[in-house]
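> There's a structure below that I have some questions on.
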Amino acid sequence: MKAMVYTKFGPPEVLQLKEVEKPAPKDNEILVRNYATSVNYGDILARNFKEISPRKFNMPLLFWFFAKMYFGFTKPRITILGSEFAGEIESVGKDVKSFKQGDQVFGYLGQSMGAYAEYLCMPENGVLAIKPANMTHEEAAVVPYGAIMALNLLRKV
């Protein structure tokens with residue numbers, strides 16, 4: 001499968017289209033054929049995190065340090081960015097009950113990233129929902145950060 005990969009921090013030019021291994025869903029995961037994703041502020045920060053000093057970071061110093069540990073000090077630890085997506089379920093793990101092959105979905109991967117790829121796996125109980133029929137994949141891909149996060153919190157309550 002193809003994915004936008006980066007192996008060093010920097011401007012948008014560090015992103016390269018590469019062939020990577022297609023993920024396989026575990027028993028409780030779904031495999032989504034990704035049709036649309038967004039580029040958001042978190043993606044931009046992560047892509048250029050080497051240049052983000054504690055002063056430029058918009059959260060307390062402690063969060064900056066943990067983000068540096070997570071994303072990498074000198075080179076990226078996560079090589080495929082993208083946290084929001086919309087697509088179609090290609091396959092499901094044997095324990096998945098809420099979704100089926102062919103479902104149109106949209107969701108949020110959070111800091112684990114990976115939506116700049118043709119396919120992605122995520123847990124069935126992740127931040128994921130059925131895409132409304134009257135919404136395009138492009139429209140659905142930009143909704144998750146706010147709407148699905150709220151939906152997920154409501155489900156847990």
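The values are calculated or read from the model by the stated rules, or taken from the named source; none is laboratory data. Everything numeric here is computed off the predicted structure, so don't read it as measured data. Please note: Cβ atoms are built from the backbone with ideal geometry, for glycine as well, and neighbour counts cover all protein chains shown. With ligands, DNA and RNA removed, areas are computed over all heavy atoms of the protein, side chains included. Shrake-Rupley method; radii C 1.70, N 1.55, O 1.52, S 1.80 Å.
> Leaving ligands, DNA and RNA out of it, report the carbon-plus-sulfur percent of the accessible area of the range 32-151 at a 1.4 Å probe. Present the calculation step by step, with values, prior to reporting the outcome.
Details: 3790 of 6390 Å².
After summing per-atom areas, the C and S share lands at 59 percent.
> Would you calculate, for the chain, the mean residue ellipticity at 222 nm contributed by helices, counting each DSSP H stretch of 4 or more residues as -39,500 (n - 2.57) and dividing by all residues, to the nearest 500?
Details: 4 runs with 33 residues, N = 157.
Result for the chain, helices only: -5500 deg cm²/dmol.
> On C-alpha positions alone, give me the angle between the axis of helix 147-156 and the longest principal axis of the chain, in degrees, nearest 10.
Approximately 70 degrees, to the nearest 10.
> While we're on this one: Sequence-distant or interchain residues sharing an amide H contact under 5 Å with Lys131, placed H: which?
Gln104, Val105, Phe106
> Also: How much length, in nm to one decimal, is gained on full extension between Asn40 and Phe73, taken as 0.36 nm per residue of separation minus their Cα-Cα distance? Could the numbers behind the result be given before it?
Working: separation 33, 0.36 × 33 = 11.88 nm, distance 2.12 nm.
9.8 nm is the gain from fully extending Asn40 to Phe73.
> Note down the nm distance, to one decimal, between modelled labels 7 Å out along Cα→Cβ at Met59 and at Val20.
Output for this residue pair reads 2.1 nm.
> Give me the accessible area per residue for the chain, probe 1.4 Å, as a whole number in Å². Display every interim value, and only then the final one.
Numbers: 9060 Å² over 157 residues.
Here the residues of the chain average 58 Å² of exposed surface.
> If amide hydrogens are placed 1.01 Å from N in the peptide plane, which non-local residues have theirs closer than 5 Å to the one on Ser91?
Leu31
> Using packing as a proxy for protection, rank 80-90, 118-128 so that the peptide with the highest average count of other Cβ atoms within 10 Å comes first.
Working: 80-90: 22.5, 118-128: 19.3.
So the order, starting with the most tightly packed, is 80-90, 118-128.
> Counting pairs on different chains as well as pairs 8 or more places apart, how many Lys pairs in the range 2-137 have Cα atoms under 19 Å apart?
Lysine pairs meeting the criterion: 17.
> So what J values fall out for the range 2-19 if you push phi through Karplus, 6.51 cos²θ - 1.76 cosθ + 1.60 with θ = phi - 60°, rounded to Hz, Gly and Pro as x?
9, 8, 8, 10, 9, 10, 8, 6, x, x, x, 5, 6, 6, 10, 6, 9, 8
> Compute the angle between helix 61-71 and the longest alpha-carbon principal axis of the chain, please, reported from 0 to 90 degrees and rounded to the nearest 10.
Between the helix axis and the principal axis of the chain, the angle is about 60 degrees.
> Can you list residues whose amide H is under 5 Å from Tyr119's amide H, if they're 5+ apart or on another chain and H is modeled 1.01 Å from N?
Those qualifying (amide H under 5 Å, at least 5 residues apart or on another chain) are Asn34.
> Per residue of the range 89-99, in order, report the coupling 6.51 cos²θ - 1.76 cosθ + 1.60 (Karplus, θ = phi - 60°) as ³J(HN,Hα) in whole Hz, putting x for Gly and Pro.
6, 8, 7, 10, x, 5, 9, 6, 10, 7, 10
> Related question: Please tell me the relative contact order of the chain in percent, rounded to the nearest whole number, where contacts are Cα pairs under 8 Å and at least six residues apart. Can you show the working numbers first?
Values: 311 pairs, mean separation 47.2, N = 157.
Reported relative contact order: 30 percent.
> Mind telling me which of Lys97, Lys18, Lys56 comes out most flexible in a GNM of the chain, alpha-carbon contacts under 10 Å?
Lys56
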